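One structure is given here, and the rest of the page talks about it.
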C-alpha cells in the first residue's frame, strides 16, 4: 500500500518539465578610478520548471574569482560578508522574455523584474541576461576611503545553459 | 491503525517534497566546513609572519619601511633620517605553501622563507585552530674589517604558528627556535616565543599587537651573555591595518626597526621604556598570474 502511494506520487511529478543548470557564467563589472573591478563565477546552481515558469538560482558569493586576489578577499570579508551571507538566491517566475521575483543578496531581499533572452536549442535551454544591481538596495556599503571609487550600480551579465533533469 | 498513520505521514512528507521540488533538486552551495578567512589582514602582523597565506599563483611585492627612533625629534625628522628598508617578494606556490625572499638594508641581510599550512580553522570550528610551520633563513653580507665565520653571518629560524579567530579577535602564538652563532659564545640554539592579537576596529580597520619574548640561557656571568641577552630587549609592536579593496596599508610603532627574524626577535637593542620607539609601515602590490579577463561588454 505504502509502496503504491510512493509510486503514484512519483509518477504524478512530471520530471520532464524540470531543467537544471549545466553550466553558468555570472560576471560583474564596475569601473573604478585606480583599478577596474571585475569578477566571474561559474559555480551557481539552479533549476527551472518550464511548465510553471518557476525558477530558483543559488550563487555561492565567495566563488567569485577576481584577477586581484586581495580584492577578492576584501570583497568577501568586508563588502559582501560571505561568512555571514554565503549565498545569493534568486527565485521567481519566468514569463515570456521576462524574469520576475525576489533576489536575496547580502541578507537583503529585493523584488526584481528583468528582461531575459530564453532560447531552446537541442533540448537545452539557454538563458542570458544583463541587469544592474544597486548596491545601496542590498546594504552593501562602499567606503569613501583612499583611492576607492566604486560605482553605485554594478552591471551583471549572466549566461547559462540548462539541461533536462534526469533522476 | 499504525500503518494508517504511516501512510498519512508519508503523504504529508511527499506533499512537502513536492512543494520545494526545485530547491530539493539543486540543494545548496553553502559548505559549513569552509576554511575561515582573514585571521589577519596580511601575511605579516607587524613585522612577524601571520597565518594569512597568499593564494596559489599570486605574487606580492612588499616594501617595508622602518624609521629610526622618534625621540630625536625634528633633528632627524622623527627617525626618517635613520630609515631602514626591506624589499620583499612573496610567491604563493599553492594555497598551503608560500615562499619568499627579501633584502634588508639593516646589515645588508638577504633572507628567504617558506611557510606551510597544515591545518586551517573552519567556519563551523570542526577544525578549531590554524596551524603552520615557518622556516626562515638569513645571511648577513655587511663587510667588517676582519673576516668573520660563516655561521656568525647565518641564521636559521624554525617557527610554529598557531592561530585562532573568534569573531573580531584573532590570536596567534609563535614558539620559535633560532640557530645562530655569536662570537665567543658556546651555545648556538636560542628559543623564543611570540604572541599576537588582532582586533577588528571597523569593517576595514584592524588593531594589531605583536610581542616577541626571548628565553634566556642560564646566566654564566660572562660578558658575552650580558651582550647577547641583557643588552637586548623583547620587541613589542603596535600597528593599524587599513584594508582598501585590493590594498592593505599597515602602520605601526615598535621598539625595533629591523625586519629579519633574527634581528627583530633576538637582537632588539631598543626599549619602549626609554622612549626608543620607531615608526614603520608596510605597503604591498599584488600580481596575479591568472590572465586578466578583458571586458567584453
- Quick calc: nm separation of the 7 Å Cα→Cβ label points for residue A:167 and residue A:130 -> 4.2 nm
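Using Cβ counts within 10 Å as a stand-in for footprinting exposure, how do B:243, B:140 rank, fewest first?
Sorted ascending by nearby Cβ count, the order is B:140, B:243.
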- Classified through the alpha carbon gyration tensor (a ≥ b ≥ c as square roots of its eigenvalues; rounded if a/c is under 1.5, else prolate when a/b is larger than b/c, else oblate), the stretch B:188-297 comes out prolate
- Exposure proxy ranking, count of Cβ atoms within 10 Å, fewest first, for A:64, B:74, B:101: B:74, B:101, A:64
- Task: Compute the FRET efficiency between residue A:52 and residue B:189 as 1/(1 + (r/R0)^6), taking r as their Cβ-Cβ distance and R0 = 51 Å, and round to the nearest 0.05.
- Result: 0.10
- Per residue of A:81-93, what is the mean number of Cβ atoms on other protein chains within 10 angstrom of that residue's Cβ? 2
- Query: What average number of partner chain Cβ atoms lie no more than 10 Å from the Cβ of the residues making up B:27-35?
  - Reply: 4
- Subtract the Cα-Cα distance of residue B:103 and residue B:139 from 0.36 nm times their separation in residues, and report this length gain in nm to one decimal. 12.0 nm
- Task: Could you please rank B:277, B:179, placing first whichever residue has the fewest other Cβ atoms within 10 Å of its Cβ?
- Result: B:179, B:277
- Message: If R₀ is 22 angstrom, what is the calculated FRET efficiency for the pair residue B:179 and residue B:146, using the beta carbon separation as r and rounding to 0.05?
- Response: 0.45
- Prolate/oblate/rounded call for chain B, Cα gyration tensor, a/c under 1.5 rounded: prolate
- Degrees between helix B:2-19 axis and first principal axis of chain B (Cα, 0 to 90, nearest 10): 60 degrees
- Item | R0 of 25 Å, Cβ-Cβ distance residue B:82-residue A:36: FRET efficiency to nearest 0.05 | 0.05
- Task: With label points built 7 Å along Cα→Cβ from the Cα atoms of residue A:23 and residue A:141, find their separation and express it in nm.
- Result: 4.0 nm
- Computed, not fitted: 222 nm per-residue ellipticity of chain B from DSSP H runs ≥ 4 (each -39500 (n - 2.57)), nearest 500, equal to -2500 deg cm²/dmol
- On average, how many beta carbons from a partner chain sit within 10 Å of the beta carbon of a residue in A:74-80? 5
- Take the Cα of residue A:112, step 7 Å along the line toward its Cβ, and report every residue of the stretch A:64-97 whose backbone nitrogen sits under 11 Å from that point. A:88-92
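Each reported figure results from applying straightforward, stated rules to the coordinates on display, with no laboratory input. All values reported here derive from a predicted model rather than from experimental measurement. Ideal geometry is used to build each Cβ from the backbone, glycine not excepted, and the neighbour counts take in all protein chains shown.
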